[in-house]
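Quick notes on the structure that follows.
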Amino acid sequence: MEENKDKGRDEIYSERVRAGKRTYFFDVKSTRSNDYYLTITESKRRFKDDGYFYEKHKIFLYKEDFNKFVEALNDTVNHVKTELLPDVDFSEFDREDDESTGISEEDSDLKWD
């Protein structure tokens, strides 16, 4: 039954963002009718009695909502940066991630504006 789960929904493009204990996946998929949508998945590694498993949360984002979603996300992030945490240098977090992975800022293509 698992093999039919994504039948007709081909993955077109994928980006992975590692963020500490979490990993985020941004995947573009297509429908049977050649339309496109985005899935955003948060994956967290958890320990259970017999070993590790991954807890996943997924959001489906359809093309008619792309602009509203991006605008709301940018507005919310900018509000936190400018109104709630104006003294925080957010670029410092980028450098820490780059140093821990050994990727220089110039070589990293996973950036937010």
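Applying the criterion of being charged (D, E, K, R) and modelled with pLDDT under 95 to the residues of the stretch 30-43, the residue that is nearest to the chain's Cα centre (by Cα) is Asp35. Among the residues of the stretch 75-89, not a single one is under 17 Å from Phe25 (Cα atoms) and not in a helix (DSSP H, G or I).
The numbered conditions (1) closer than 19 Å to Tyr13 by Cβ; (2) in a strand (DSSP E or B) are all true for Asn67 except (2). Checking each residue in the stretch 55-95 for being over 14 Å from the mean Cα position of the chain (by Cα) and under 13 Å from Ile40 (Cα atoms) picks out Tyr62, Phe66. Out of Asp113, Asp107, Asp89, which single residue is modelled with pLDDT under 95 and over 20 Å from Glu15 (Cα atoms)? Checking each option against the conditions leaves just Asp89. A Cβ distance below 8 Å, combined with a sequence gap of six or more or placement on separate chains, defines the contacts here; from the stretch 37-63, residues that are more than 16 Å from Glu11 (Cβ to Cβ) and surrounded by 14 or more Cβ atoms within 10 Å (Cβ to Cβ) reach residues that are of a type in the set (Val, Ile, Thr) and at pLDDT 95 or above in the pairs Glu42/Thr23.
The values are calculated or read from the model by the stated rules, or taken from the named source; none is laboratory data. Here the structure is a predicted model, which means the values were calculated and not measured. As a convention, Cβ positions derive from the backbone with ideal geometry for all residues, glycine included, and neighbour counts pool all protein chains shown.
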